[in-house]
Amino acid sequence: MKSTSTLVLAAAAFAALLVAPAAIAADLTDVGYLDQAAVGALPQFQRANAQVAQYKSQLDPQFAAAMKRAHNDADRQRISGEFQQKFLDKQRQVLGPLFARAQTAIAQVASNQRLSVVVDKRIVVFGGQNITKSVVDLVNGPGPVVPPASTPPPAVIGFVDQSQIDQLPKIKAANDNFLKFANDARQSALQKMQAAKNNQQQQQQIFQQYQKSLTDEQNRTLKPLVDQTRSAMATVANQKHLILVIDRADIIYGGADITADVQNALK
Amino acid sequence: MSKMRSNRRIFAGLAVAIVMLAGCAQPRADDPNVRGIGYVRLEEVLKKHPLYPQLSQIDDSIDALGLRSLGAGSVPHTGKQIATQTKELNAELKAAQDRANVILRQKQLDYAQREQAAISAALAAAGAGTNGAQSAQAMQNISAAQAQQVTAQANSDFGQYQQSVIAQSNAALQSIGAQLGARADRAFGQRATQLQERESQLSLELSQQDANKRLQLRMKLNGLALPDATRKQYRDELAALDRNEANVVAAQRARDQQTLATYRAQLNTQVRNEMASQSAKIHADTQAKLQTRRNEVSQQVSSQLQGLRPAAVPSNLPAATRDRIAEIDRTFKAKFQADAQKTIAQYQATKAELDARYAELQGADASATGAAHTQLGQLQRERDDLYNKMVEQIRRDAGTVAAKRGLQVVLVNIEAAPGGIDLTGDVERDIESLHE
């Protein structure tokens with residue numbers, strides 16, 4: 001009787017282990033997140049942005065005057081390039097040091113809290129470590145922010161730069177073709193809608209046909225490439241023992257960049 | 001023996017229970033392939049949300065409004081466009097009035113001539129041939145000098161009018177050319193600004209994205225016991241980062257310049273085509289104006305020459321002939337009235353159509369002050385508000401599901417997920433239960 005009870009208890013404990021993982025998953029997360037808007041709203045960032053905007057407002061009349069003096073399109077292009085470079089230089093000069101300080105602060109907080117990756121707050125729906133306040137305190141603190149002594153530990157989250165993937169010839173060609181198709185479809189829909197300007201029902205039908213044509217074309221030309229890209233990402237991520245892959249724009253610190261591997265896999 | 005059998009039954013039962021539990025067990029939060037990480041495919045869950053049809057409807061409205069407001073000549077956006085269209089409508093109305101007047105005058109003349117012919121025939125039949133012959137003679141006796149004077153004056157007036165109309169057309173063409181050129185310049189400027197802002201954004205993003213790598217390299221360079229070769233390698237890598245960023249921005253700028261060059265060529269073609277079209281329209285208008293004036297002048301001359309004609313009906317006619325002439329006069333006046341009524345009805349129909357367009361224009365007047373954009377903006381705000389509410393609810397649900405599953409972090413916007421726990425199905429079921 002005693003041995004039966006023991007067996008029942010042991011089995012129950014084993015079953016409990018299977019159905020209640022909550023108790024044993026504690027303290028696993030090394031994923032942090034940051035509210036970038038909160039950092040951007042800091043007075044020093046606001047001042048810097050105002051400074052850049054003021055510089056642009058000074059540059060605009062000079063640009064307009066220079067463009068008026070331009071003799072041809074080549075002149076206009078050259079002038080446009082020169083002024084844009086001036087603006088970018090100023091932007092770098094004013095905002096660059098602030099970004100560098102914020103990035104060092106993020107690195108230090110991440111290191112202190114043993115985070116392997118820091119992502120944008122927008123993509124976190126549950127859990128994770130919010131490091132916004134620590135980063136803001138550090139950025140606002142006196143003196144230089146000291147970089148951490150160690151680099152982030154290997155991450156289980158990887159990222160891809162989708163804009164680079166989009167530049168692969170076959171993907172770029174597909175995107176360009178789709179844009180052209182969408183533009184033609186829009187022009188055609190517009191003409192039909194103008195012809196049916198007093199018939200709302202007909203206009204509704206034209207609009208629905210227009211939307212359907214876009215969806216069909218998207219499914220026909222772009223979806224296979226999207227699926228292929230996702231599959232390549234999953235394969236590379238598997239090889240690198242990554243758990244998830246996110247877009248580069250959502251990564252703030254750490255993470256494994258697998259863009260080049262995915263590009264190679266897609267070639 | 002019976003105890004043994006009982007134990008075996010318990011073992012068997014437990015084994016079955018364990019196998020069943022193990023069979024339906026989901027990945028554990030501490031699995032090496034999960035490590036406390038879950039994810040939700042937000043866009044899929046959104047589609048199951050009870051408010052998704054509303055969101056979809058707003059999206060459609062935004063698309064439809066966007067499409068309509070892009071259409072040339074559909075919803076005007078500026079007071080200037082309204083003024084231009086009103087002016088065009090005024091011109092069309094005036095043209096319709098002029099056209100109706102010309103037709104009426106022509107008909108009046110036709111009927112008067114036919115009446116005159118009928119009266120002459122009646123007089124001849126009544127034996128007043130002498131009077132008819134005298135009238136004809138009187139016609140021939142109109143002074144050639146008077147006729148020449150009338151014609152010369154009319155030709156001179158017409159010449160002046162012609163010159164003034166052509167001068168107006170030339171001025172209008174010049175003004176349109178300047179307007180089209182200015183519009184093309186504005187469009188080009190807007191596109192250039194857009195591209196510049198994109199380059200600026202790209203430059204910022206690049207420096208932000210590389211900040212992590214840059215920082216790591218600087219940290220490594222801070223190491224005191226760093227061999228010279230390694231230090232150089234890190235410095236080179238730093239320089240390479242700068243170079244790469246500059247190259248990417250430069251490549252983007254080159255592409256943008258190419259885009260701008262193509263856009264400029266496209267704008268130039270558009271200006272040329274529009275100019276040709278406007279020029280043809282103005283030319284046609286000018287010709288129409290001149291033709292109308294020519295008709296008017298011709299009628300004036302004819303009318304003035306007719307005014308020089310002596311009275312056709314003698315005063316000493318018999319009563320029967322007078323009655324016959326009166327009858328002819330009534331008949332032709334009635335025919336003219338009926339015919340003129342048709343022309344007036346046609347004019348009224350044109351005017352009604354123009355009135356409708358005026359009304360439509362008045363309706364669109366509100367959009368001239370930005371109503372179309374306001375409506376778009378309002379819809380976009382409604383959409384954002386609804387979307388945020390839906391996402392917030394999904395976040396809360398995902399949080400509850402994640403806590404139950406013992407996860408540490410749940411992310412959205414996932415590109416690929418070879419590991420982790422997919423909570424999409426669970427959250428979808430929770431959200432769908434809101435329907436019930």
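The values are calculated or read from the model by the stated rules, or taken from the named source; none is laboratory data. Everything numeric here is computed off the predicted structure, so don't read it as measured data. FYI the Cβ positions are ideal-geometry reconstructions off the backbone, even for glycines, and counts take in every protein chain you see.
Some values worked out for this structure:
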item: Sole exception among (1) in contact with a helix residue (DSSP H, G or I) (Cβ under 6 Å, 6 or more places away or on another chain); (2) modelled with pLDDT under 90; (3) at negative phi for B:R405, by number; result: (1)
item: Complete set of residues in the range A:95-124 that are among the polar types (S, T, N, Q), surrounded by 16 or more Cβ atoms within 10 Å (Cβ to Cβ) and assigned to a helix (DSSP H, G or I); result: A:Q103, A:T104, A:Q108, A:S111
item: Any hit, the range A:144-154, residues being more than 10 Å from chain B (Cβ to nearest Cβ) and in a strand (DSSP E or B); result: no
item: Residue identified as in contact (Cβ under 8 Å) with a residue 24 or more places away in the chain and of a type outside the set (F, W, Y) among A:Q200, A:Q211, A:Q218, A:Q204; result: A:Q218
item: The lone exception for A:S80 - which of (1) more than 13 Å from chain B (Cβ to nearest Cβ); (2) free of Cβ contacts under 8 Å to residues at least 24 places away in the same chain it fails; result: (1)
item: Some residue of the range A:172-189 being in a loop (DSSP other than H, G, I, E, B), within 30 Å of B:L411 (Cβ to Cβ) and more than 10 Å from chain B (Cβ to nearest Cβ); result: no
item: Odd one out for B:I142 among (1) away from chain A (no Cβ under 14 Å); (2) modelled with pLDDT under 80; (3) part of a helix (DSSP H, G or I); (4) surrounded by 12 or more Cβ atoms within 10 Å (Cβ to Cβ); result: (3)
item: Scan of the range A:106-121 for residues that are more than 10 Å from chain B (Cβ to nearest Cβ) and farther than 19 Å from A:P153 by Cβ, ordered by number; result: A:K121
item: Yes/no for B:L317 being modelled with pLDDT under 80 and over 30 Å from B:D98 (Cβ atoms); result: yes
item: Selected residue [in contact with a helix residue (DSSP H, G or I) (Cβ under 6 Å, 6 or more places away or on another chain), of a type outside the set (D, E) and not in a helix (DSSP H, G or I)] from A:V245, A:V262; result: A:V245
item: When residues of the range A:235-246 are limited to those that are surrounded by 18 or more Cβ atoms within 10 Å (Cβ to Cβ) and either within 8 Å of another protein chain (Cβ to nearest Cβ) or polar (S, T, N, Q) (or both), the one nearest to B:N413 (Cα to Cα); result: A:I246
item: Where a residue in the range B:231-249 is closer than 18 Å to B:R198 by Cβ and its partner, wherever it lies, is in a helix (DSSP H, G or I) and not hydrophobic (A, V, I, L, M, F, W, C), with Cβ under 8 Å and at least six apart; result: B:E245/B:S203; B:E245/B:S207; B:E245/B:D210; B:V249/B:E199; B:V249/B:S203
item: Hits in the range A:125-137 - residues which are touching a residue at least 60 places away in the same chain (Cβ under 8 Å) and either more than 12 Å from chain B (Cβ to nearest Cβ) or surrounded by fewer than 23 Cβ atoms within 10 Å (Cβ to Cβ) (or both); result: A:G127, A:Q129, A:N130, A:I131, A:T132, A:V135, A:V136
item: Yes/no for A:A48 being crowded, with 18+ Cβ neighbours inside 10 Å, more than 11 Å from chain B (Cβ to nearest Cβ) and either over 27 Å from the mean Cα position of the chain (by Cα) or outside any loop (DSSP other than H, G, I, E, B) (or both); result: yes
item: Top-ranked residue in the range A:155-171 [being more than 10 Å from every other protein chain (Cβ to nearest Cβ) and touching a helix residue (DSSP H, G or I) at 6+ places or on another chain (Cβ under 8 Å); ranked as surrounded by the most Cβ atoms within 10 Å (Cβ to Cβ)]; result: A:I171
item: Residue match in the range B:225-240 (condition: closer than 24 Å to A:V118 by Cβ, under 52 Å from the mean Cα position of the chain (by Cα) and surrounded by 12 or more Cβ atoms within 10 Å (Cβ to Cβ)); result: yes
item: Single unsatisfied condition, A:A249 versus (1) under 11 Å from A:V160 (Cβ atoms); (2) facing chain B (nearest Cβ under 7 Å); (3) of a type outside the set (S, T, Y); result: (2)
item: Of all residues in the range B:388-421 being touching a residue at least 24 places away in the same chain (Cβ under 8 Å) and surrounded by fewer than 16 Cβ atoms within 10 Å (Cβ to Cβ), the one that is nearest to B:H49 (Cα to Cα); result: B:K389
item: Criterion: surrounded by fewer than 17 Cβ atoms within 10 Å (Cβ to Cβ) and in the same structural domain as A:A105 (by TED's automatic domain parsing) - qualifying residue of A:N177, A:N140; result: A:N140
item: Positions within the range B:36-64 being part of a helix (DSSP H, G or I) and away from chain A (no Cβ under 13 Å), in sequence order; result: B:E44, B:K47, B:K48, B:Y52, B:P53, B:Q54, B:L55, B:I58
item: Selected residue [under 31 Å from the mean Cα position of the chain (by Cα), among the polar types (S, T, N, Q) and part of a helix (DSSP H, G or I)] from A:Q84, A:Q62; result: A:Q84
